[in-house]
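Structure, as C-alpha cells:
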Amino acid sequence: MKLQLIAAAISFSLAACASTAQKKVALESHSIITNDVAVSDVLATPAAGVASATAITLEKIMSDPDWFGRSPESWYWGDDSQTIFYKQKRVGNPLRDLVQKNVSTHGNGDLVKLAQMHVVADNNAVMNNAGTHEVYTFEGNVFVKALATQTVQQLTYTSAVESSAIFLTNGNVAYRVGDVFYAHDMKNQKIIELANLKMTDGEKPATEPLSYIATEQHELIEYVALQQRNKDLRAEQKRQLRVKNSTVTQTNFYFGKDNEVVHASLSPAGDKLVVSIASDKSPRKDSDIMPNYIADDGHIEAKKVRNRVADNRQYAEQLYILDLSQGTKALLNYDSLPGFDEDVLASVRKENYAREGKKYKSEKSARNIHVMQAWDPIQWQDNGKNVAIMLEAWDNKDRWIATVDFDNKTLVSQHRLHDDAWINYTFNELGWLSNSERLYYLSEESGYAHLYVKPINGKAKALTTGEFEVDDLTVSADEQSIYFKANKKHPGIYEIYNLDLASGKVKALTDLGGMNDYALSPDESKLLVQHSKITMPPELYLKDLASNSEAIRLTHTVSEEFLAMPWSAPNVVAIDSSHQEQPIYSKVYLPQGYDQTGTKNRAVMFSHGAGYLQNSHLGWSGYFREYMFHSMLVQQGYVVIDMDYRASKGYGRDWRTAIYRHMGKPEVQDMRDGVNWLVENANVDAKRVGTYGGSYGGFLTLMSMFTDPELFQSGSALRLVSDWAYYNHGYTSNILNTPADDAIAYERSSPIYFAEGLDKPLLINAPMVDDNVFFQDTVRLVQRLIELEKQDFETAIYPVEPHGFVQPSSWLNEYRRIYKLFENTL
C-alpha cells in the first residue's frame, strides 16, 4: 500500500488544487479499515474561496489574526440548557468579553453586562445533593445560586481569595482561603474554621522518634520522663476539649518549616482532608535567570526562570490524612504500593556505568513518590466515604491509583500502571461511580488510552477497546452512561460517543468529521460542540440527543475575507514506514498540475512542535499561520508535507514512546520516509526539498540536517532545542531520564553533539525572552558552529519575543526570512 487518504467531507472534491491530485491518487488508493468503520479515500473539505484568484501574501497571513475571525473560547452551558456562554477576544487587544446566546435564536449572541457577570460565571459550579442549588466562586468570592429562581446569594465579600467551593453533605458550603479551610453554616450563617495548615514546626508529639541520647535521658532520668508525660497529658486534654466541645476552635495542623502545600482536598462530609506536602517544589539557583534587554525602565531585567533537568532533582511529597473531627493527622506511607521500591532504572544505569568502566549493582530502595500532576488527582466519593488518589513515581515509570483505609491509616492500591519508557502526562482522568462504589479511569495499558471501571474490592474491566484513544469523560447524572471523545473512525477524526454501562454498547453521537470537543447540557438532552475542519476555524454547534438530526451551527465568527481566500486543503495521507508497521499520517499539500511531466516540484517539510502533539488531523490547527503559509507556498507551486512523526499524539503508546532514550532518530527516519514518498508520489525533486519547524520542530530541523545531511537542501530552526540537558525536568526526564542516570541518552539526542554534520544552509530564528526553550540553547549552538568553522548558517534574534511570538512584525520578519531561504536554495 502506497497511499491512503482521509478527509472530513466525503461529498466534496477539491476544485482547484486537488482535482489533479485525484488522477494520481485514484491509481493506488483504497479503503481504510479502522476498527468497525470503513472510510473511503476522499479529499479534504475545500475552503469556501478555493477558486479565488486572490494572491496569498505574507503581509496578510502574518498580520494580527483578528482579521480572519475570533472564534468562541471557554464555552459552557447555562443552567436552563437553552443558553450558552462563551468568551470572545476583542478586536485589536487581548481582552475577552463574555457572550450569552440562546440556542434557539439567530446571531452570535449578546455581551453579558459587567454587573451581571457574577450571576452567570458558574461554569465550574458544584451542585448540592438535592440538585436545587449550586456553589461557585467569582473574583475570589463565594456565591450560591438557587437553580429554580436563579437568585444568587453572595456568601463572602472579602479581599481574601476564596477558592475550591463545594457543598458538604450536610448542606453547608465549604471553601478555602490559602491553606485555611472554612465551612459556612447555611442555616445560621456562621463561619466555622475546619483546618489551618501551618508550615511551621509546632509542638512535637511524643510519638516522634527521639535521638539515642534523648531516649537514654528519658529512660534514666525520672524527672525528664515525668515532664514529658505531663506535656503529653495537657496536649491530649486540649485535643479532647476541642473534640467534645464545639465552641472551641483549635484547627491547626503543623507540617514543618520550609514546606508547602501541593494538594489539599476536603471530604464532602467535611470531616477529613487529604494533604500532600513538599519542600520548596522548584528551588532556583541564582543562575536561573533570563536577561530581558527591552525592559520598560530601560535597564536590563534579570527574570527568574525554571531550573534545568540537569539539576537532577528527585521530587517527592509526603501524603497525610487529616481527621478533622478528632484533630489528628497521619502520614500515609507509600510502601503498600506494588513496586514502590523497584530499581526501574537498573538497565539504564548499568549501560551508563559500563561506558565509564564501572559495574552497577542494583538494589531495592524506596522511590520518591508524589501526587500525580493531573487535573483533580484526588477524588472523593460523593458521600465522603472513600477517596481515590492518583500517584506517580519521580522517575515517571509508574502510576498508581490508591484508596485510603481510614481505620488503619494506609494506602490501598487499586491499580498500577507501569511503563518501561514513561507514563503519559495525559489520559489520567479518574472518578467515582458513587452509587456502586466503583472507580472509573483511563489507562494506556492496552497500548491505547481506554476506559476502565473497577469496584474497590474487585477486578478492573475494560469498557472500551481498539486502536483508538478515549478522552474527556463525562458521567451522566444517573451514572448509567459515560460520554467521551475518541478518534475511533480515524486517527485524525474526533467524534463524541456515549457508553451504556449496563450493556457496554457504544453509540456515536456526532458524525461531523474533523475535530470536535463537547459539553453536555445540564438536563443531558443536548451537546454543545466545538467543531472545526482543516480549512475552517472552530465554531459552536448544537446536537440534540433526542433526535437523529444533524448538529446545528450556532455561531458565525469567521470573517468573509478569510472565507474568500483560496486556502489549500491538504490530504491526510498514511505514508508507509520503512521502520514499523504503522503508517505515518501526514498532511500533503499539492499544487495544481503537480503530477504533470516536465520540471519536478520543489517541496517543504514542516515539523510540528511539542513532540507529543497531533497536527495531521482533520480539524483546524493551532499552527494556523503555518497552514496559511503552506497555502501560499502551494499557490506558488511548492509541494508541502506536515508529518505526525513518531512521538506524536493520537496514535497510541508505542508511537508515543518510540523516541525513548533516543530523541531525533526515529523522527528523522520518518522524515526520510516522507521525502521518499514525495519523490515517488508527488513528482518532487529529492534535491529541492527544504525543512523548517519551531521548538521540537526546530530540534528536528537540526537533527535532520546534522545527522542526515543529504536529506534537505536547507532548513530553518525556530526557538530550537540544541541540548536537552538545558530543558525542563518535567518534559525531558520522561523521555531521556536524567543526565545523572542516562548521559548516553542526552548525548545521542542533543543536536549540539552532531553540529559538525552541517553542510547545507541553516537559518536559526531565536526569541530572546523565551522562558520555555532558553535563548542560551541558540547561543551555545552558534558558538559551537563558529568553533567548527561552519559558514553556511545565519541567526536572527527577536529581542521582545517569548517562545510563542506575539508581535505581528516579528512573525512577518521571521517568515520573510524562511521564505527567502527556500526561494534561494530550492
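The values are calculated or read from the model by the stated rules, or taken from the named source; none is laboratory data. Remember, predicted model here, so these are calculated numbers, not experimental data. Heads up, the Cβs are rebuilt from the backbone with ideal geometry, glycines too, and the neighbour counts pull from every protein chain shown. Just the protein is used for accessible areas: all its heavy atoms, side chains included, with ligands, DNA and RNA removed. Shrake-Rupley method; radii C 1.70, N 1.55, O 1.52, S 1.80 Å.
Summary table below
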{"item": "Residues of the stretch 659-697 satisfying the condition of being of a type in the set (Ser, Thr, Tyr) and part of a loop (DSSP other than H, G, I, E, B)", "result": "660, 695"}
{"item": "Elements of type strands (runs of 3 or more DSSP E) in the stretch 402-510, at least 3 residues being more than 19 Å from the chain's Cα centre (by Cα)", "result": "410-418, 438-443, 450-455, 481-490, 493-500, 506-508"}
{"item": "Single condition residue 129 does not satisfy, out of (1) open to solvent by 50 Å² or more (accessible area, probe 1.4 Å); (2) more than 30 Å from residue 198 (Cβ to Cβ); (3) modelled with pLDDT of 95 or more", "result": "(3)"}
{"item": "Residues satisfying the stated conditions in the stretch 480-504, i.e. among the acidic types (Asp, Glu) and crowded, with 18+ Cβ neighbours inside 10 Å", "result": "495"}
{"item": "Flag if residue 547 is more than 30 Å from residue 714 (Cα to Cα) and at pLDDT below 95", "result": "yes"}
{"item": "Of the criteria (1) in a strand (DSSP E or B); (2) basic (Lys, Arg); (3) open to solvent by 30 Å² or more (accessible area, probe 1.4 Å), which one residue 385 fails", "result": "(1)"}
{"item": "Residue within the stretch 620-637 that is of a type in the set (Ser, Thr, Tyr), in a loop (DSSP other than H, G, I, E, B), modelled with pLDDT of 95 or more and buried (at least 24 other Cβ atoms within 10 Å of the Cβ) present", "result": "no"}
{"item": "Only one of 185, 179 that is more than 33 Å from the chain's Cα centre (by Cα) and either open to solvent by 50 Å² or more (accessible area, probe 1.4 Å) or over 15 Å from residue 125 (Cα atoms) (or both)", "result": "185"}
{"item": "Within the stretch 655-681, tally of residues that are open to solvent by less than 40 Å² (accessible area, probe 1.4 Å), under 19 Å from residue 710 (Cβ atoms) and among the hydrophobic types (A, V, I, L, M, F, W, C)", "result": "5"}
{"item": "Failed condition for residue 121, given (1) more than 26 Å from residue 376 (Cβ to Cβ); (2) surrounded by 12 or more Cβ atoms within 10 Å (Cβ to Cβ)", "result": "(1)"}
{"item": "Candidate set from the stretch 589-599 (those that are open to solvent by less than 40 Å² (accessible area, probe 1.4 Å) and in contact with a Gly (Cβ under 9 Å, 6 or more places away or on another chain)); member that is modelled with the highest pLDDT", "result": "591"}
{"item": "Candidate set from the stretch 362-382 (those that are open to solvent by 50 Å² or more (accessible area, probe 1.4 Å) and farther than 21 Å from residue 736 by Cα); member that is modelled with the lowest pLDDT", "result": "375"}
{"item": "Scope the stretch 593-630; condition within 33 Å of the chain's Cα centre (by Cα) and more than 24 Å from residue 649 (Cα to Cα); matching residues", "result": "603"}
{"item": "Criterion (among the hydroxyl-bearing types (Ser, Thr, Tyr), out of contact with any strand residue (DSSP E or B) (no Cβ under 7 Å at 6 or more places or on another chain) and surrounded by fewer than 21 Cβ atoms within 10 Å (Cβ to Cβ)) met by exactly one of 347, 336", "result": "347"}
{"item": "Meets criteria (at pLDDT below 95, on the phi < 0 side of the Ramachandran plot and among the acidic types (Asp, Glu)) for residue 79", "result": "no"}
{"item": "Pair list, Cβ under 6 Å, 6 or more apart: the stretch 444-459 residue hydrophobic (A, V, I, L, M, F, W, C), other residue modelled with pLDDT under 95 and not in a strand (DSSP E or B)", "result": "456/437"}
{"item": "Answer from 549, 577 - the residue that is part of a loop (DSSP other than H, G, I, E, B) and touching a helix residue (DSSP H, G or I) at 6+ places or on another chain (Cβ under 7 Å)", "result": "577"}
{"item": "Some residue of the stretch 192-206 being open to solvent by less than 40 Å² (accessible area, probe 1.4 Å) and over 30 Å from residue 315 (Cβ atoms)", "result": "no"}
{"item": "Residue count, the stretch 309-329 (criterion: open to solvent by 40 Å² or more (accessible area, probe 1.4 Å) and either touching a helix residue (DSSP H, G or I) at 6+ places or on another chain (Cβ under 9 Å) or farther than 29 Å from residue 407 by Cα (or both))", "result": "8"}
{"item": "Condition met for residue 602 (in contact with a Gly (Cβ under 9 Å, 6 or more places away or on another chain), more than 25 Å from residue 467 (Cβ to Cβ), touching a residue at least 40 places away in the same chain (Cβ under 8 Å) and not acidic (Asp, Glu))", "result": "yes"}
{"item": "All helices (runs of 4 or more DSSP H) inside the stretch 718-822 with 1 or more residues being open to solvent by less than 60 Å² (accessible area, probe 1.4 Å) and at pLDDT below 95", "result": "729-736"}
{"item": "Tabulated pairs, the stretch 683-706, first within 17 Å of residue 633 (Cβ to Cβ) and touching a residue at least 24 places away in the same chain (Cβ under 8 Å), second among the aromatic types (Phe, Trp, Tyr) and in a helix (DSSP H, G or I), C-beta under 6 angstrom, 6+ apart or interchain", "result": "690/822"}
